[in-house]
1. Say whether the condition of being farther than 30 Å from residue B:56 by Cβ and either buried (at least 17 other Cβ atoms within 10 Å of the Cβ) or of a type in the set (A, V, I, L, M, F, W, C) (or both) is met by at least one residue in the stretch B:174-194.
2. Taking the stretch A:73-88, which residues are over 11 Å from residue B:49 (Cβ atoms) and touching a residue at least 40 places away in the same chain (Cβ under 8 Å)?
3. Quickly run through the stretch A:22-40 and pick out the residues that are surrounded by 18 or more Cβ atoms within 10 Å (Cβ to Cβ) and among the aromatic types (Phe, Trp, Tyr).
4. Does the stretch B:130-145 include one or more residues that are within 19 Å of residue A:72 (Cα to Cα) and basic (Lys, Arg)?
5. Counting just the residues of the stretch B:63-97 that are farther than 17 Å from residue A:3 by Cβ, β-branched (Val, Ile, Thr) and surrounded by 17 or more Cβ atoms within 10 Å (Cβ to Cβ), which one comes out farthest from the other protein chains (Cβ to nearest Cβ)?
6. Scan (1) touching an Asp or Glu at 6+ places or on another chain (Cβ under 8 Å); (2) within 12 Å of chain A (Cβ to nearest Cβ); (3) without any contact (Cβ under 8 Å) to a residue 60 or more places away in the chain; (4) outside any helix (DSSP H, G or I) for the single condition residue B:104 breaks and write down its number.
7. Would the stretch B:130-147 turn up any residue that is farther than 29 Å from residue B:32 by Cα, within 14 Å of chain A (Cβ to nearest Cβ) and among the basic types (Lys, Arg)?
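Quick note: the coordinates plus some simple rules give every number you see, no bench work behind them. Since we're looking at a predicted model, the values are computed, not measured. Positions of Cβ are generated from backbone atoms using ideal geometry, with glycine treated the same way; all protein chains shown enter the neighbour counts.
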Amino acid sequence: MLKILKYSFYDLMRSRWSYVYFAFYLLLGIVLLFLNNDLSKAVITLMNVIIVLVPLIGTIFGVMYYYNSREFTELLLAQPLKRSSIFLGQYLGVALSLSMSLILGLGIPFVFYGLFESSAIWDFSLLLITGTFLTLIFTALAFNIALSNENKIKGFGYAILLWLFLAVIYDGLFLMTLIMFEDYPLDKVSLIGTMLNPIDLSRTLILLKLDISALLGYTGAVFKQFFGTSFGLIVSFSVLIIWVLLPVWRISIKSKKKDF
Amino acid sequence: MVTIQDLHKKFGKNKVLKGVDLHIDQGGIFAVLGPNGSGKTTLIKSVLGMVIPNKGTIEVLGNNIKKSSDYRHQIDYLPQIANFPSNLKVKELIKMIKDLRKDTNEDKRLIELFKLEPFLDKKLGNLSGGTKQKVNLVLTFMFDSPLIILDEPTTGLDPISLIRLKDLIQVEKAKGKTILITSHIMSFVEEVSDEIVFILEGKIYFKGTIQDLKTKTKQPDFEHAIASILTNNHA
């Protein structure tokens with residue numbers, strides 16, 4: 001698996017898109033720092049961008065890489081290699097190169113701005129950690145979709161729909177439910193609802209870390225009570241890890257049964 | 001060498017293989033023939049583990065292929081259409097495949113044989129179909145495995161390369177290897193193969209030497225013998 005990972009990673013490192021992605025984050029980091037002139041504020045603005053953009057890029061890159069490397073995959077399948085290691089290797093190659101572009105692209109401007117002397121370092125680390133998690137999760141989901149759909153256009157369509165659902169529609173539905181049932185105690189429901197969507201979960205985690213939960217009102221207080229504790233933090237990260245492991249597990253199951 | 005029992009495979013509603021029983025002994029050249037869509041490639045891909053059968057067992061060198069992927073160390077496979085990652089150089093591709101399987105020095109001899117030196121630094125996406133097929137042949141023959149599977153090996157080759165390919169096949173046969181070939185070029189099949197396996201509508205219709213086939217169909221030459229099977233079965 002490590003050899004496949006190595007080749008997929010090199011392959012991506014040589015492709016233009018990794019650099020475009022890296023350059024985009026580099027530019028975003030620099031521009032935000034100059035406009036805000038303050039590390040903590042830049043972190044908040046960054047969060048809003050990352051929460052939406054990282055899943056989108058992960059989804060599109062994952063689907064695109066899978067369909068574009070079909071020939072490479074078929075070549076590998078005839079070699080004495082395990083199927084699961086071929087696909088997991090490719091998945092990790094994509095996910096890790098994307099994560100690297102994210103971490104380096106944002107990390108470099110922030111480090112030069114004086115991140116290490118600032119109190120924002122933990123907030124910033126949390127931002128990068130959740131960003132990496134979101135990359136791992138959405139690339140895995142994209143691979144799942146691509147494995148299940150021979151048709152490229154369908155695959156892309158489903159992938160975009162999935163992103164749209166988790167990034168936008170889910171929140172809408174969630175809010176509607178809360179309004180419809182506002183007469184009932186909804187603390188637990190909203191907690192669970194947040195937990196089930198990796199994008200919402202990441203957003204809540206960062207917001208609460210940034211100590212602006214007062215903005216969230218009563219629910220914010222409930223959330224603070226839960227996520228603020230180490231138990232809440234452990235549960236949240238466990239949920240994120242499950243969000244990575246489930247699709248990865250399905251990649252290995254699905255790839256074993258597929259015909260080429 | 002290869003034993004296939006009661007192999008079934010369907011893609012959706014389309015039943016491609018309907019109970020294939022086949023035994024291939026060690027040593028010799030076997031041609032797998034059949035009309036378009038008869039299941040030749042599906043059969044070969046099943047042996048390679050690229051297609052997962054619905055039913056039936058396949059053994060290669062006595063090992064059930066379901067258990068592990070290690071048996072593929074014993075197989076050299078030439079895919080039908082040479083599809084390679086287009087942004088890789090020929091040199092890099094050869095190096096990568098060696099890294100994934102095992103190291104060998106055979107590639108140098110084969111590169112010389114097919115006159116591929118000028119293309120080593122070119123990207124695979126910029127090569128012509130015939131040159132890609134030559135690269136494909138180098139990748140296949142550079143490992144010294146006891147079973148060689150060639151799916152349409154003649155595609156795109158010029159006459160000189162075709163002669164070199166035939167020589168190469170004979171050299172490998174002389175080493176006692178088993179070679180499975182599919183091809184639509186009947187003259188090529190007649191020239192190189194020792195035995196033929198004819199697949200029709202997902203089943204083995206005939207297995208034996210070309211002479212047997214001629215006797216069975218009462219036809220004077222090989223091409224007509226094949227044609228008579230097809231017309232008699234309305235395939």
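1. Yes.
2. A:73, A:74, A:76, A:84, A:85, A:86, A:87, A:88
3. Selection gives A:22, A:25.
4. Taking every residue of the stretch B:130-145 in turn, at least one turns out to be within 19 Å of residue A:72 (Cα to Cα) and basic (Lys, Arg).
5. If we filter the stretch B:63-97 for residues that are farther than 17 Å from residue A:3 by Cβ, which is where we start, we get B:63-68, B:71, B:74-84, B:86-87, B:89-91.
Those still in the list that are β-branched (Val, Ile, Thr) too: B:65, B:75, B:81, B:90.
Remaining after also requiring surrounded by 17 or more Cβ atoms within 10 Å (Cβ to Cβ): B:65, B:75, B:90.
On the way: B:65: 11, B:75: 8, B:90: 13 Å.
Result: B:90.
6. (2)
7. First, the residues of the stretch B:130-147 that are farther than 29 Å from residue B:32 by Cα: none.
Scanning the stretch B:130-147, I find no residue that is farther than 29 Å from residue B:32 by Cα, within 14 Å of chain A (Cβ to nearest Cβ) and among the basic types (Lys, Arg), so the answer is no.
Residues are listed down the side, and each one gets a yes or a no for (1) over 22 Å from residue A:163 (Cβ atoms); (2) within 13 Å of chain B (Cβ to nearest Cβ); (3) in contact with a helix residue (DSSP H, G or I) (Cβ under 8 Å, 6 or more places away or on another chain):
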| residue | (1), (2), (3) |
| --- | --- |
| A:40 | yes, no, yes |
| A:48 | no, no, no |
| A:51 | no, no, yes |
| A:61 | no, no, yes |
| A:71 | yes, yes, no |
| A:80 | yes, yes, yes |
| A:85 | yes, yes, yes |
| A:91 | no, no, yes |
